[in-house]
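Read through the structure below, which is laid out as structure tokens, and then see the notes.
The values are calculated or read from the model by the stated rules, or taken from the named source; none is laboratory data. All values derive from a computational prediction rather than experimental measurement. Cβ coordinates were reconstructed from backbone atoms using ideal geometry, including for glycine residues, and neighbour counts include every protein chain displayed. These area figures cover heavy atoms from the full protein model, side chains too; ligands, DNA and RNA do not enter into them. Shrake-Rupley method; radii C 1.70, N 1.55, O 1.52, S 1.80 Å.
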Amino acid sequence: MDAFEAIKVTFFQECDELLAELESKLMLLEQGQTDLETINAVFRAVHSVKGGAGAFGLEALVRFAHVFETLMDELRAGRKPCDPVTIKTLLRASDVLADHVQAAQGLVPEVDEARSAGLVAEMELLTHGGEAPAPVAEEEDDFGFTPMAFDMALDEVSVPVPAVDPVAAPAGWRIELKPHGRMYASANETGLLLRELGRLGPTTVVLDDSQLPALDELAVEENWLSWTVELHAAVDEAAVREVFDFVEADCDLTITPLGASAEADFVFLDDGPAVLPASDELDIAALLARVQSEAPSEPLASLSAPEPAPVVAAPAPTPTPAAPAAASAPVAPAPVTIRVDLDRVDRLINAVGELVIQQAMLSQRVLESGLARSSGIALGLEDLELLTREIQDSVMAIRAQPVKSVFQRMPRLVREVADMTHKQVRLVTAGEDTEVDKTVVERLAEPITHMLRNAIDHGLETPAERIASGKPAEGVVHLAALHRSGRIVIEISDDGRGINRERVRKIAVDKDLIAADAVLSDEQVDNLIFLPGFSTADAVSDISGRGVGMDVVKRSIHALGGRISISSVPGKGSTFTLSLPLTLAVLDGMVTTAAEQTLIAPLPAIVESLTPQAADLHHVGGLDPVIRFRDTYVPVVDVAMVMGFRDVPMDPTQGIAVIVETESGQRAALLLDAIQGQRQVVIKSLETNYQQVEGVAAATILGDGRVALILDVDSLVAIRRSGVRSDFKLAS
């Protein structure tokens, strides 16, 4: 890849970030947060996309972004109200802007030109208030004119300058601007910059065309003009520099304070500027003495010589109210980030996983050799274990990524599906900053997309139906992420009609998915929607009806070592809960033994371990054992029996009970033979190397090289309740 293509790739990566920022700020506008800061953030995002697109000659993207930017400029200037109609148009425009970016990137074949043109017309109508914009003259191949000499000098443009008290406020600023050719290639305009300066206060603008060559020597790629602007306003330098935020690297810019008069210089104190007579030589000692005698308690803030040196252009800080120099706190530096190929991070993760295994093997060999724990080798291994853990935590932090990157894609999906189904839908998100392994994040998008589409299409009623049932016409869909029991939980809920269990059961019987006389609980009926080929749609549409979707969701979640559950109340709505591991790489676990098999219990799910006493054991109906734990009774799960490792139940008083808590908050006691200790283990997918097994989440390699199974606590408890043993068979 050459340098130009590498820069282009970086541009599109930045576009993804800018579009995400654009979407989030537009959502704030939709929620009523129409302050100037939010509007400016939207403007900057669109302006940055437009500027980069202009540099790469992406004309279609530049044209659309320009119309978008012009409307935002009207909003931030206060000439147009930020009303609901405008915000809705901006939301749809952001979707089309994303389409233009994807088309320029080659991810989609082309943009829907009719939709794009329609939005351009809407935005121009909002911008010009119903008046057609001035036509733009089209370029011609042949100019058809004879070159002739003419005078390019322009009259000085003057604005009446109000009287400014030189002692009460600075007289203003002198701005010298000479754009480079690349500034215009990035779709920036000098006229817009001058207009922005004019909004700060009265200005005097002088054009310098002395460098302009003869017409036959003119190079259109270069700029030959420069401007000198005198801004007569008591504003700080930060406000002036903010005007040139996006062009400072593409122009020669000098900003110097204006003198109070031709005969005076400024000494800026904390309580305002003091005027001193100008002189050819500045007596610093006398000046300091005078300042100290006039304001002994005030520090000298800044000193201007008779001819101030040009100010070097720098990124403009955010304008803040003036504060005393001595009292201002140091500004924390912005965090420095780098872009790293994900494949490199994956290789590092794998290397750390092997390091964990090797460290466990070394510890196992030392224990088998009989060395005392106080020996130098044993102590060194303990230090190695701590170092390995620190490396592991640091590497996992690199891969950790907030689910915000997935959640930000969903508002557009909700808008599109709502328009297709003619429903009014509002999406509410929570927990966007919840972090999870990047691999998990990347594979969350498809399941969440399927469930949101189904929630809108099947779950929510039409506006008329909602009003008839006493609900607001607008349906609400919640999308939330949170950490629970060492896993990440994604919840998708709606306030719709809920699951019609009678209809679901009838469809399943008609499609021969279940027997007509099958006895099913409400939970089992709800889970019928995950069967392949099941659909409640009356007709096939672009949204649903083909019986493909929820079964795909279930398989995708299981492939990540997760599970999915449903909770539905007829007439009030449904909640789908996805539970997934935080990482697919390493796990903290408790090493246990059941029927001479080594098993790993996830440490985040463990509440406590104890030795069961006969007085605390009881049987429900004379069959199912329960154990008394802190004034409550919890079911006992004989892990070896459930996993099929033995056929005869063990005596609970001869084993160890590990109290665990499921994701739903239920507790159970896992009955095991013994606990070997706590260990960090590397997760290996059992489904990839063998097959999916109920009650088993994954596998790992122990320090002695043996393979151990990692238990799925929720699945074990569910198997215990159903009375069906796992189909896992030990290899001979």
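With only alpha-carbon atoms in the gyration tensor, what are the semi-axes of the equivalent ellipsoid for segment 16-121, in Å, largest first? Walk me through the intermediate numbers first.
On the way: eigenvalues 100, 38, 32 Å².
Ellipsoid half-lengths, sorted descending, are 22, 14, 13 Å.
Given a 1.4 Å probe, how much area per residue of segment 353-432 is accessible, in Å²?
56 Å²
Accessible area of segment 647-722 with a 1.4 Å probe: how many percent of it is carbon plus sulfur? Please list the in-between numbers first.
Values: 1600 of 3450 Å².
Answer for segment 647-722 is 46 percent, counting heavy atoms of protein chains only.
Rounded to whole Å, give me the distance from the Cα center of segment 210-235 to that of segment 691-722.
The two parts, judged by their Cα centres, are 73 Å apart.
Within the P(r) computed for segment 565-638, what percentage of the Cα pairs occupies the region above 16 Å?
69 percent
Computed on alpha carbon atoms, what radius of gyration and Dmax characterise segment 611-721, expressed in Å?
Rg and Dmax of segment 611-721, Cα atoms, are 14.9, 45 Å.
Of the listed peptides 59-65, 220-226, what is their order by residue-averaged count of other C-beta atoms within 10 Å, with the highest listed first?
59-65, 220-226
Just the accessible area per residue of segment 678-718, please: how many Å² with a 1.4 Å probe?
43 Å²
Evaluate segment 337-463: find the radius of gyration of its Cα atoms, find its Kirkwood radius, and give the ratio Rg to Rh.
On the way: Rg = 23.5 Å, Rh = 18.6 Å.
Value, to two decimals: 1.26.
Using a probe of 1.4 angstrom, how much of the accessible area of segment 379-418 is carbon and sulfur, in percent?
Answer for segment 379-418: carbon and sulfur cover 60 percent of the accessible area.
Pull up the cross-link candidates among the lysines for Lys178, meaning alpha carbon to alpha carbon under 26 Å and not fewer than 8 places away within one chain.
Within the straight-line limit of under 26 Å, Lys178 reaches these lysines: Lys50.
Take every DSSP beta bridge with both residues inside segment 357-499 and express the antiparallel ones as a percent of the total, to the nearest 5.
60 percent
From the cross-link list Lys423/Lys471; Lys404/Lys684; Lys471/Lys511, which pairs have alpha carbons spaced over 23 Å apart?
From Lys423/Lys471; Lys404/Lys684; Lys471/Lys511, over 23 Å: Lys404/Lys684; Lys471/Lys511.
Roughly how many Å² is the accessible area per residue of segment 185-260, as a whole number, for a 1.4 Å probe? Write down the numbers at each step before the final one.
On the way: 3490 Å² over 76 residues.
Value for segment 185-260: 46 Å² per residue.
Arrange the peptides 573-580, 79-86 so that the one whose residues have, on average, the most other Cβ atoms within 10 Å appears first. Please report the intermediate quantities before stating the final value.
On the way: 573-580: 22.0, 79-86: 14.5.
Descending mean neighbour count gives 573-580, 79-86.
Grab the eigenvalues of the alpha-carbon gyration tensor for segment 407-484, scale each by 5, take roots, and send me the semi-axes largest first in whole angstrom.
Largest first, segment 407-484 gives 27, 13, 9 Å.
What does the charge add up to near Glu30, with Lys and Arg as +1, Asp and Glu as -1, over the other residues with Cβ less than 11 Å from its Cβ? Let's see the in-between values first.
Numbers: positive: Lys25, Lys88, Arg415, Arg426; negative: Glu23.
Local net charge: +3.
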